[in-house]
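**Student:** Have a look at the structure that comes next, please.
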Amino acid sequence: MNYFELFDIPVQLKVDKSTLPVKYFELSRKYHPDFFINAPEAEQAEALEKSAQLNKALKTFQNPDDSIKYVLQLKGLLEEEEKYELPPDFLMEVMEINEGLMDADEPGTNNVLKLKIESLQSEIYEPVKEIVEGYQDSTTTEKELLQVKEYYYKKKYVDRIRRELWAK
């Protein structure tokens, strides 16, 4: 049973977080191991497994990047520790921003770099925005999901730079 089946929601790249707490509470009461103390050992084990899966699912659904990663893995389009090649022009842009991080101590540099990062974030999201926000399991194509995969890997780069910059 995948996380979407567990929560009884359609497969989606952008999970509506407003409905998660109620559904999580309902399911956690249903599968909480304490309610299976007198049940046969097999039922206890299943409840424990479902409870653990429920916690992992909630954590995944609460993070948009993790939700995208999970769907791509479900579709067999993303593997753990995959070496993904990003386009050279994107890598050059990221390299320029990284070089700017070295000069981030100069007055005003941080603000310029933050603007560049925000602009780059918007630039990489725009081509996949409709796919992510309007994902339909039955109609979204593999080609579209591969675009989302590229976005996912680009965003990992951007997020790493963002963390470095905001830490300064």
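Values in this text are rule-based calculations from the coordinates and carry no lab data. Since the structure is predicted, the reported quantities are computational estimates derived from the model, not experimental observations. Note that we place each Cβ from the backbone using ideal geometry, even for glycine, and neighbour counts take in every protein chain shown.
**Student:** Net charge around E49, counting only other residues with Cβ within less than 13 Å of its Cβ (Lys, Arg = +1; Asp, Glu = -1)?
**Tutor:** It works out to a net charge of -1.
**Student:** Take the Cα radius of gyration of the chain and divide it by 2.2 N^0.38 Å, with N its residue count; two decimals is plenty. Before the final figure, lay out each step's value.
**Tutor:** Working: Rg = 20.1 Å, N = 168, 2.2 N^0.38 = 15.4 Å.
The reported ratio for this selection is 1.31.
**Student:** If you don't mind, there's one more thing I want to ask. Could you tell me how many cubic angstrom of Cα convex hull volume segment 114-168 has per residue?
**Tutor:** For segment 114-168, the hull spanned by Cα atoms encloses 69 Å³ per residue.
**Student:** Grab the Cα-Cα distance for K156 and E96, subtract it from 0.36 nm times how many residues apart they are, and report the gain in nm with one decimal. Don't skip to the answer; put the middle values down first.
**Tutor:** Details: separation 60, 0.36 × 60 = 21.60 nm, distance 1.64 nm.
The K156-E96 span can extend by a further 20.0 nm.
**Student:** Only counting other Cβ atoms within 10 Å, I'd like D8, D159 sorted with the fewest neighbours first.
**Tutor:** Listing D8, D159 from fewest to most nearby Cβ atoms yields D8, D159.
**Student:** Taking the alpha-carbon distance from K75 and a cut-off under 17 Å, which lysines remain once sequence neighbours fewer than 8 residues away in the same chain are dropped?
**Tutor:** The reachable lysines, counting only those whose Cα sits under 17 Å from K75, are K14, K143, K149.
**Student:** Pairs of alpha-carbon atoms within less than 8 angstrom and 6+ residues apart define the contacts here; what relative contact order does segment 33-126 have, in percent?
**Tutor:** About 11 percent, as a whole number.
**Student:** Still on this structure, I have one more. Select from segment 1-93 those chymotrypsin sites (Phe, Trp or Tyr not before Pro) which occupy a DSSP coil region and have at most 15 other Cβ atoms within 10 Å, ordered by residue number.
**Tutor:** Those that pass, being in a loop and sparsely packed, are Y84.
**Student:** Post the alpha-carbon centroid distance, segment 44-64 to segment 126-166, in whole angstrom.
**Tutor:** Here the answer is 24 Å between Cα centres.
**Student:** While we're on this one: For the Cα atoms of the chain, what angle does the longest principal axis make with the long axis of helix 88-102, in degrees from 0 to 90, nearest 10?
**Tutor:** With both axes taken from Cα atoms, the answer is about 80 degrees.
**Student:** Quickly work out the R29-to-E46 label distance, labels modelled 7 Å from Cα along the C-beta direction, and quote it in nm with one decimal.
**Tutor:** So the two model labels end up 2.1 nm from each other.
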